[in-house]
Amino acid sequence: MFITVTFILLFILWVLFSGKFDLFHLSLGAISCAMVAAFCGKLLFQDKSRHLGGRLAEAGRFLRYLAWLLIQIVQANFHVIGLALSGRRLRRDLDPHIFHFKTVLRHDFSKFVLANSITLTPGTVTIRIHGDTLYIHAISKKAAGDLAEDSISEMERRVGHIFERHNLCFIADKDNQA
Amino acid sequence: MKKTALLIIAVLGILLLRAAEDLPFWGDPQSPASVHLSDYYLEESYEETSVPNIVTSVLADYRGYDTMFETVVIFCAGITVLIVLRRTHRRRAKVISPRPERPGADIILQTAARLLVPMMQLFALYVVAHGHHSPGGGFQGGVILGSSLILLALSYDIQMALHRFKEKLVLLFSAGGVLLYAAIGLACLFLGRNFLAYGAWAALLGISEPEAHSHGMLGVEIGVAITVLCIMFSLYIDLASGGDLDEGL
Amino acid sequence: MTHFFISSGVIILLLMFVVLYRVVKGPTPLDRILGVNVIGTKTMVLIVLIGTLYERVEMFVDIALTYALLNFIASLAAARFFQRHKKIHLEEEERGEGAAC
Amino acid sequence: MLDILVIIFMVMGLFFFFGTTVGIVRFPDFYTRTHAAGKGDTLSVMLMLFGLALYNLHHLSPATLLVSGKIVIICVVVFIASPTATHAIMDAGYEAKVRHWSRPGAPKDPQDNSGEKQ
């Protein structure tokens with residue numbers, strides 16, 4: 001089942017790569033896609049509990065999240081440029097420190113998205129994930145923002161909304177405690 | 001020591017630059033290489049092989065012999081590293097210190113690898129299959145395929161990559177790629193032509209002779225890609241684990 | 001547009017030389033890896049830029065994609081290698097810094 | 001019209017790359033340099049590639065559309081790979097205990113801060 005989906009996805013990619021629609025190249029593509037799907041099918045979809053409709057909905061929500069993330073990335077770049085060009089003020093603005101951050105997200109993929117989003121947003125870089133603890137390096141106290149507080153951060157809530165709807169009550173719990 | 005090296009390099013560089021003055025200009029139409037040889041390839045190669053990319057047709061057809069032994073060189077290099085480094089359980093002594101225990105699995109790397117590896121492999125197969133039309137071919141495609149396996153071994157560990165692609169298979173395939181190349185050439189010999197004269201396949205497959213050349217080149221490049229893939233991967237696993245194939249970088 | 005592309009390529013090249021300062025200077029090997037990674041991604045842009053100038057983008061895009069993938073794996077492998085053999089490298093770094101001071 | 005868009009994208013990419021470069025050269029320690037590299041690299045490469053992909057659409061045809069699609073695929077690869085590489089380099093540095101730069105006059109070593117919130 002998932003191997004078929006992988007095959008279709010890969011075949012779309014193949015057509016994009018190849019740009020040739022004669023029978024010979026398309027059949028070569030089919031063979032290549034079958035080989036790669038056989039090798040990587042289990043690799044790409046590790047969590048088989050959710051079905052395809054859910055995946056599509058997740059993809060749609062993820063695209064909307066990307067738009068929000070792009071704004072954050074641009075902000076992050078202006079932040080870096082501002083720091084880099086700030087002359088003597090540079091040393092005053094910097095206050096690098098490392099803090100720990102416990103996430104409520106469960107799945108590997110959502111942790112991956114969260115970690116890379118943290119890396120791309122202003123002032124913070126994920127160092128490593130250990131269980132459900134993220135080690136984060138922040139460039140200044142202010143940049144750490146709401147990640148440094150005990151409550152659930154905005155980014156985490158957004159990622160949770162994309163991938164872990166069933167987990168939401170848990171998220172609300174943590175909110176109430178905070 | 002550093003200064004001596006700098007001196008040697010400077011002297012050598014000046015000598016090479018002096019020597020380069022005597023070479024024909026870049027793209028000089030009067031130079032010996034381009035008086036008759038280049039013209040012939042430029043004008044005739046498409047009619048003879050029906051491959052638009054002249055580089056590929058020269059590499060895999062006109063100079064097929066050369067390319068075959070280049071593949072053999074790669075194969076030999078891989079085997080040599082294997083002989084020097086690979087330790088069987090009979091003679092095992094830890095040279096490389098074991099990887100330090102790290103808290104937590106590397107979820108970020110592993111997920112990125114899961115997303116990128118299928119794409120890389122498909123791209124590599126595309127490069128192999130479209131060597132006739134775009135820059136590419138067996139060597140490049142093999143390198144990308146090999147590095148996709150290396151990415152797996154880097155982000156998980158060598159055991160996981162080896163579980164998907166057993167060491168025995170790696171070695172068998174690395175020899176198999178060279179043999180595939182040679183077999184395509186030998187078959188031409190049996191069909192009554194010269195070694196690696198792909199035109200011999202035309203009658204057998206029922207296609208025109210230029211097309212036979214084109215398909216022959218594709219087969220040869222698949223052979224090259226298999227060898228390069230296996231040797232890349234085998235070099236990595238032997239070098240990264242010091243011959244023990246246990247954990248790697 | 002050709003002039004614009006050529007000048008932006010030259011600017012990228014010049015900025016790459018500035019990053020090269022970090023690669024040469026260090027001080028830790030990881031700074032060098034970082035610099036090489038940045039230079040590698042920019043090389044990829046340069047390749048596409050050259051393709052645009054020669055009007056053969058379809059050729060150069062393949063090379064650029066290959067370069068992007070290999071550059072990623074190279075910096076990953078370098079970082080992992082450092083992680084494993086860090087003792088040797090850090091001792092070198094201490095000595096180097098001591099000499100500089 | 002398209003040219004203006006392309007120029008805007010390219011110039012923005014160059015500007016962010018300039019910021020990255022200055023950050024990499026000027027920031028005081030390895031960790032902060034990684035910040036500059038990780039963020040600036042991703043965005044500047046994506047902007048410049050996107051500009052070139054747009055320029056490629058000058059002669060609109062299926063072939064150029066496919067080439068632009070390929071450039072967008074490079075963007076996606078960079079978008080996945082660049083933060084991951086940043087994280088890997090940072091992780092290696094953290095594990096090797098590369099020295100921290102801390103503000104002159106800061107009360108304590110920033111490494112100690114790590115256990116503060118949990």
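Shown for the protein assembly as shown: the carbon plus sulfur share of the solvent-accessible area, taken with all protein chains present and a 1.4 angstrom probe, equals 67%. Shielding value for A:1-10 is 1, the average number of Cβ atoms from other chains within 10 Å of each residue's Cβ.
Take D:82-88, B:188-194 and order them by the average number of nearby Cβ atoms within 10 Å per residue, most first; the result is D:82-88, B:188-194. Using a probe of 1.4 Å on the protein chains alone, the accessible area found for residue D:99 is around 130 Å².
The contact between chain D and chain C removes approximately 3900 Å² from the accessible area (both sides summed; 1.4 Å probe; ligands, DNA and RNA excluded).
Going through the cross-link list A:111/A:141; A:20/D:70; B:2/C:25; A:42/B:168; C:42/D:97; A:141/C:25, which pairs have a Cα-Cα distance over 20 Å in this structure? Could you put the intermediate results ahead of the total?
Numbers: A:111/A:141 23 Å; A:20/D:70 14 Å; B:2/C:25 17 Å; A:42/B:168 22 Å; C:42/D:97 29 Å; A:141/C:25 29 Å.
Where the Cα-Cα span goes over 20 Å, the pairs concerned are A:111/A:141; A:42/B:168; C:42/D:97; A:141/C:25.
Other residues within the sphere of radius under 13 Å centred on the Cβ of residue C:63, judged by their own Cβ, net out at 0 (K and R +1, D and E -1). Helix B:64-85 and the longest principal axis of the C-alpha atoms of chain B enclose an angle of approximately 10°. Taking all protein chains into account, the per residue accessible area for the protein assembly as shown stands at 47 Å² (1.4 Å probe).
Counting only other chain Cβ atoms within 10 Å of each residue's Cβ, the peptide A:111-124 averages 5. Considering only D:62, B:74, D:79, the residue lying farthest towards the positive end of the dipole of the protein assembly as shown is D:79, judged by Cα position with unit charges set on Cβ. Farthest toward the positive end of the dipole of the protein assembly as shown, out of B:111, D:43, B:201, is the Cα of B:111, where the dipole comes from beta carbon charges about the Cα centre. Rounded to the nearest 20 debye, the dipole magnitude of region D:2-99 is 160 debye, with +1 charges on Lys and Arg beta carbons, -1 on Asp and Glu beta carbons, and the Cα centre as origin. For the protein assembly as shown, the Cβ-based charge dipole about the Cα centre amounts to some 2300 debye (Lys, Arg positive; Asp, Glu negative; other atoms uncharged).
Rounded to the nearest 10 degrees, the angle from helix B:167-190 to the longest Cα principal axis of chain B is 10 degrees.
Among the residues of C:21-29, the average count of other protein chain beta-carbon atoms within 10 Å of the residue beta-carbon is 3. Counting only alpha carbon atoms, the long axis of helix B:138-155 and the longest principal axis of chain B meet at about 10°.
The values are calculated or read from the model by the stated rules, or taken from the named source; none is laboratory data. Small disclaimer: the values here were computed from a predicted structure and weren't measured. Neighbour counts are summed over all protein chains in view; Cβ atoms, including those assigned to glycine, are modelled from backbone coordinates with ideal geometry. Areas reflect the complete protein model, heavy atoms only, side chains present, ligands, DNA and RNA absent. Shrake-Rupley method; radii C 1.70, N 1.55, O 1.52, S 1.80 Å.
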